[in-house]
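The values are calculated or read from the model by the stated rules, or taken from the named source; none is laboratory data. These numbers were taken from a predicted model, which means no experiment stands behind them. Don't worry about glycine lacking a Cβ; one is built from the backbone with ideal geometry, like all the others, and counts go over all protein chains shown.
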Amino acid sequence: MDKEILYKGKYQKLCKIGTWEFLERVNCTGIVMIMPQLTDGRIILVEQYRVPVQSRVIEFPAGLAGDIPEEAGESMKNAAVRELWEETGYEAGEMTLVAQGPPSPGMCSETIDFFVARDLKKTGPGGGDDSEDIIIHVVDIDKAADFLAEQRARGVMIDPKVYMGLWFLEKHQGANES
């Protein structure tokens, strides 16, 4: 069946195939999510206001690949390196792809590449680009559940992918160590 474009905005387009309506990103080749973990076991989470849910949200660092004209052909791994540094100020000595898949296959066509980042070194301020207001949280992984509960209690939403990311960090602990 042919895809019909119902509406195209600056960042997204609404498409239809048969009776199914869904979103596609414009000028983007994919999404990356990074699960950064320091050598002492602490993890790095970010908090930012998300307009669609009208709330601040705790997330792992993430972003678009291929959305910058000069970087249109960038690899997913390069996008992960760039987004990690942009949002947190950390560079990763080790960036490992651990999964790929659609985060909301009933609503949008995008897919996410999930990376575990280790051997981290703080080299910048983080906080995102000019369009973002990101707060960086460095949390002991053993206390992550308590931290997330505290955030929920203060009215901050938690991206469910954070729980998935914690599972990946546990599952891939030491996977690339000799």
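What single numbered condition from (1) closer than 30 Å to Ile141 by Cα; (2) without any contact (Cβ under 8 Å) to a residue 12 or more places away in the chain fails to hold for Thr96? Exception for Thr96: condition (2).
Within the set Glu87, Glu110, the sole residue that is under 21 Å from Phe168 (Cβ atoms), among the charged types (D, E, K, R) and assigned to a helix (DSSP H, G or I) turns out to be Glu87. The condition of being in contact with a Phe, Trp or Tyr (Cβ under 8 Å, 6 or more places away or on another chain) and among the small types (Gly, Ala, Ser) holds for only one of Ser109, Ser131, Ser104, that being Ser109.
Only residues that are in contact with a helix residue (DSSP H, G or I) (Cβ under 8 Å, 6 or more places away or on another chain) and either in a loop (DSSP other than H, G, I, E, B) or surrounded by fewer than 16 Cβ atoms within 10 Å (Cβ to Cβ) (or both) were counted in the range 65-84, giving 4. Residues in the range 40-63 that are crowded, with 18+ Cβ neighbours inside 10 Å and either touching a helix residue (DSSP H, G or I) at 6+ places or on another chain (Cβ under 6 Å) or hydrophobic (A, V, I, L, M, F, W, C) (or both): Ile43, Ile44, Leu45, Val46, Ile58, Phe60, Pro61, Ala62, Gly63. Restricting attention to the range 113-139, the residues being part of a loop (DSSP other than H, G, I, E, B), of a type in the set (Val, Ile, Thr) and surrounded by 15 or more Cβ atoms within 10 Å (Cβ to Cβ) number 1. A residue that is touching an Asp or Glu at 6+ places or on another chain (Cβ under 6 Å), at pLDDT below 95 and not in a loop (DSSP other than H, G, I, E, B) occurs somewhere in the range 19-27.
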